[in-house]
Amino acid sequence: MRKTRVCLTLSCCLFALASSACSQSSKKPGLWEVTSTMTFQQSPFPAGVQLPAGSPFGSAPKTTQVCVTQAMIDKYGGPPPQTTGSCQMSNIALTPSGMTGTLSCSGTMAGTATVSSTWPDGVSSETNVHFTGTMKMGPQAAPVEWTMKAISAYRGPACGGVKPPQVQ
């Protein structure tokens, strides 16, 4: 009886490990296209301020191409969360179908964000970020809160002229 329980437990563990390995290996390194949309819940900008076209703080969707390496897949499960400036990812938890983590930023925009990504298959993902903190506006800091949703789609194994971002 004890032998049967041990074999059953080992079989379940091996199945879970194999499922996780298959899920991780199905995510593909190469060129990914990421379309993101940012929405402010609390804007640091005065009411009526028009942001220039292409501003990183505008609400229009932005599409970029990212060269994803195997190291990024190993660390984040796929395309990494897009960060700028002095932001660091921590508390990264990978699952077979996604990842969660915390984004901490200092500098012009300081605060923290929760990050979650889902990977329904090896060729697409959806990432959601919710940030709260402050943004330096001249000599003062204004409160800021925003969410960002990004949809990523695999475009192929060759990155062409797109260089991979540094993995933190």
Neighbours by Cβ (under 6 Å, 6+ apart or cross-chain): first from the range 140-164, closer than 20 Å to residue 64 by Cα; second of a type in the set (Asp, Glu) and surrounded by 14 or more Cβ atoms within 10 Å (Cβ to Cβ): 151/126; 153/33; 155/33
Residue check, residue 156 at pLDDT 95 or above, out of contact with any helix residue (DSSP H, G or I) (no Cβ under 8 Å at 6 or more places or on another chain), small (Gly, Ala, Ser) and on the phi > 0 side of the Ramachandran plot: yes
Flag if residue 107 is among the small types (Gly, Ala, Ser) and within 16 Å of residue 73 (Cβ to Cβ): no
Within the range 76-115, considering residues that are out of contact with any strand residue (DSSP E or B) (no Cβ under 6 Å at 6 or more places or on another chain), surrounded by fewer than 17 Cβ atoms within 10 Å (Cβ to Cβ) and farther than 20 Å from residue 149 by Cβ, the one modelled with the lowest pLDDT: 85
Single unsatisfied condition, residue 77 versus (1) in contact with a Cys (Cβ under 9 Å, 6 or more places away or on another chain); (2) at positive phi; (3) not hydroxyl-bearing (Ser, Thr, Tyr): (1)
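The values are calculated or read from the model by the stated rules, or taken from the named source; none is laboratory data. All values derive from a computational prediction rather than experimental measurement. With ideal geometry, Cβ positions are generated from the backbone for all residues, glycine too; neighbour counts draw on all protein chains shown.
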